[in-house]
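All of the numbers you see were taken from the coordinates with simple rules; none came from a lab. The structure displayed is predicted, hence computed values, not measured ones. With ideal geometry, Cβ positions are generated from the backbone for all residues, glycine too; neighbour counts draw on all protein chains shown.
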Amino acid sequence: MQPTATALGDPIEVAGVRKEATRLGDVTVTRAVYPTGWRHADHDPEPCLLSHVGYCVSGRLRVWWPDGAEVLVEGGQAFALPPGHDAECLQECTLIQFDRNEGP
């Protein structure tokens, strides 16, 4: 790995979520702002097949899996979310994600 510092890219909107991202080696760093009421299933009938690791700067996001597992991610918390989940934003949520499996 080479020492690197870079700005996030220009904001884009994806499925109602404002995202700014950059790639550092094989990790994509994303700042994502989810509006209150946003739900993954409203944009894709299939569960999210990506895993996510990150930090919730502010807001509240409820995440659940078909097996009944559920987690509430709130401002000030780090999170790890395995694939196969659905999510609903309970309060406008700003997340910083460090993902190895998606591009900017």
For this session: Please give the FRET efficiency for E20 paired with W65, using the beta carbon to beta carbon distance and R0 = 25 Å, rounded to the nearest 0.05.
Result: 0.35
Exercise. Using Cα-only point scatterers and the Debye equation, what is log10 of I(q)/I(0) for segment 26-75 at each q in 0.21, 0.22, 0.26 Å⁻¹, rounded to two decimals?
Worked result: -0.98, -1.08, -1.41
Exercise. Between Q77 and L50, what length in nm is gained on full extension when 0.36 nm per residue of separation is reduced by their alpha carbon distance?
Worked result: 7.8 nm
Exercise. Any idea what Rg and Dmax come out to for segment 12-99 if you just take the C-alpha atoms, in Å?
Worked result: 12.1, 35
Seminar exercise, completed: Once amide hydrogens are built 1.01 Å from N within the peptide plane, the residues lying 5 or more places from L50 or on another chain with amide H under 5 Å from its amide H are G84
For this session: Kindly provide the trypsin sites (Lys or Arg not before Pro) of segment 14-103 that DSSP labels as loop, not H, G, I, E or B, and whose Cβ sees at most 12 other Cβ atoms within 10 Å.
Result: R100
Exercise. From the phi of every residue in segment 92-97, what ³J(HN,Hα) in whole Hz does the Karplus formula 6.51 cos²θ - 1.76 cosθ + 1.60 yield, where θ is phi - 60° and glycine or proline is x?
Worked result: 2, 10, 10, 10, 10, 10
